[in-house]
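So the structure is just underneath, and the comments pick up after that.
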Amino acid sequence: MNDSTPGLPEELQKIHTIMKGVRTTMLVTHDADGALHSHPMTTQDAEFSGECWFIAGAGSDTVQQIKADPRVNLAYSGTSSWLSLSGTATIVDDVAKKKDLWNTFTDVWFDGGPEDPKAVLIHVDAESAQYWDTPGRLATMVSMLKAKVTGDRPGAGESEEVQLG
């Protein structure tokens, strides 16, 4: 399966591929006391160029915490790949953008469609990313067994840090 996007730099392509494969992220915010809170969110636009979009309830704790402190982290966890994005979030009320991102799943949460004032967008401008991509569970286990026999380090996959902004 090739999830490549023409013209996307290699490191952004890897991030895009992990996001597309996982789709649900834990959006980490800070409350008024500085404590971290994780909110499960569905990435609305999986094509990654350094920014992510989510739809949330205007009165939700997630939105209120972002308004108070825009620093966020997005944690994606797949079966053989993981991604952490750090950046700044803003709350956007743009009906045209909501229409562009709206889908059937979103209708489950908001009865009024993209025009519903209770639905707002969360825009995350990622500043840095770190990912780890392994060849899969079986290949990783074989590599670990081989390392145990040979004394070499196991081939645990690819891990990179990427500065985005």
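In terms of overall dimensions, the C-alpha atoms belonging to the range 22-122 reach 34, 32, 23 Å along their principal axes, ordered largest to smallest. Here the contact order of the range 11-100, divided by its residue count and restricted to Cα pairs under 8 Å and six or more residues apart, works out to 29 percent. Counting heavy atoms of the protein chains alone, Glu161 has an accessible area of about 130 Å² for a 1.4 Å probe.
The values are calculated or read from the model by the stated rules, or taken from the named source; none is laboratory data. None of the values given here were measured: they were computed from a predicted structure. Surface accessibility is based on the protein's heavy atoms, side chains included, excluding ligands, DNA and RNA. Shrake-Rupley method; radii C 1.70, N 1.55, O 1.52, S 1.80 Å.
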